[in-house]
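Novice: Handing you a structure now.
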Amino acid sequence: MTAQHKILVVEDSLVLRDIESLQLRKAGFQTLACETGETCLQILNQDKTIDAVLLDIELPGISGLEVLTKIRQTSSILQLPVIMATGKTDTETTVQALRLGANDYVTKPVDFDIAQSRLRTHLQLRDLSTIQEKMKKAEAVRALITTYNHEINNALMIATGTISRGLDGMDRIRFEKLTQSLDRIADIVKRLQEASGKDLEMTTYVEGTKMLKI
């Protein structure tokens with residue numbers, strides 16, 4: 001499960017950064033590492049393959065709590081798990097981090113059995129949430145297809161019936177019916193594209209007319 005997950009390690013101490021990265025790689029994670037909050041935010045903005053962040057609270061420049069606040073402006077707890085690493089053991093700091101949107105925390109020196117377990121737990125929750133969202137989207141698309149099935153069949157029957165009588169010498173009324181039918185089909189396809197988030201394929205049909213392949 002962990003082999004496909006990439007963890008961003010944010011720690012200002014070079015020694016601790018290397019140790020944390022090494023231990024996570026030994027556990028099967030991919031890792032990236034940086035030493036400042038500014039760099040962390042730049043990486044997250046550029047690299048959309050980051051699955052979770054192990055974030056030190058005490059950083060030079062902007063603090064870990066400030067970084068966490070900025071992360072939560074664009075990514076929810078389920079979208080990007082953030083585990084805070086802190087040398088502080090006071091309850092107030094821990095509660096503040098959790099209120100700002102941290103998924104969990106570990107104290108330094110980091111117990112890597114605990115850190116890995118918490119990372120796995122929150123990554124599993126994220127993956128399950130992603131699967132659930134995809135299933136909801138698929139159900140919505142299926143519902144739309146069912147809803148529009150009758151309409152699209154009627155439009156196709158009119159269009160194919162018009163074409164089957166020949167395109168040469170087509171009168172204005174037949175041409176308008178064909179145009180309206182094809183416009184209606186195009187409108188339905190657009191709605192389905194918006195719902196599914198991808199283009200529906202088109203394939204060549206009779207007489208060079210483009211028809212749907214759903």
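The values are calculated or read from the model by the stated rules, or taken from the named source; none is laboratory data. Just so you know, these numbers come straight off a predicted model, no measurement behind them. Counting neighbours? That spans all protein chains shown, and the Cβs are built from the backbone with ideal geometry, glycine included. These accessible areas exclude ligands, DNA and RNA; they are computed on the full protein's heavy atoms, side chains included. Shrake-Rupley method; radii C 1.70, N 1.55, O 1.52, S 1.80 Å.
Novice: Which three lengths, in whole Å and largest first, does the range 1-132 cover when its Cα atoms are put on their principal axes?
Specialist: Each principal axis gives a Cα extent; for the range 1-132 these are 35, 30, 29 Å.
Novice: Roughly what % of Cα-Cα distances in the range 55-99 sit above 14 Å, to the whole percent?
Specialist: 46
Novice: On a full-extension model of 0.36 nm per residue, what is the gain between Lys134 and Lys177, subtracting their alpha-carbon distance, rounded to one decimal in nm?
Specialist: 11.7 nm
Novice: Around Lys88, under 14 Å between beta carbons, what's the net of Lys plus Arg minus Asp minus Glu among the other residues? Please list the in-between numbers first.
Specialist: Values: positive: Lys108; negative: Asp56, Glu58, Asp90, Glu92.
Net of charged neighbours comes to -3.
Novice: For Thr31, which sequence-distant residues (separation of 5 or more, or a different chain) have an amide H within less than 5 Å of its own amide H, given hydrogens modelled in the peptide plane?
Specialist: So Thr31 has HN proximity to Ile7.
Novice: Measuring with a 1.4 Å probe in the full set of protein chains, what accessible area per residue, in whole Å², belongs to the range 1-64?
Specialist: Spelled out: the 1.4 Å probe surface of the range 1-64, per residue, equals 47 Å².
Novice: Going by the alpha-carbon gyration tensor, a ≥ b ≥ c the square roots of its eigenvalues, is the range 71-150 rounded (a/c under 1.5) or, if a/c is not under 1.5, prolate (a/b greater than b/c) versus oblate? Walk me through the intermediate numbers first.
Specialist: Numbers: a/c = 5.67, a/b = 2.76, b/c = 2.06.
Taking the square roots of the gyration eigenvalues as a ≥ b ≥ c, the range 71-150 is prolate.
Novice: Could you pull out the pairs from Lys70/Lys108; Lys26/Lys88; Lys6/Lys108; Lys108/Lys137 whose alpha carbons sit more than 31 Å apart here? List each step's numbers first, then the result.
Specialist: On the way: Lys70/Lys108 23 Å; Lys26/Lys88 26 Å; Lys6/Lys108 21 Å; Lys108/Lys137 41 Å.
Pairs exceeding 31 Å: Lys108/Lys137.
Novice: Continuing with this model, one more query. Could you please put Arg191, Arg184, Arg25 in sequence from largest to smallest accessible area, using a 1.4 Å probe?
Specialist: So, going from the largest accessible area down, we get Arg25, Arg191, Arg184.
Novice: Carbon-plus-sulfur fraction of the accessible area of the range 34-111, 1.4 Å probe, in percent?
Specialist: Summing carbon and sulfur atoms, their accessible area is 49 percent of the total for the range 34-111.
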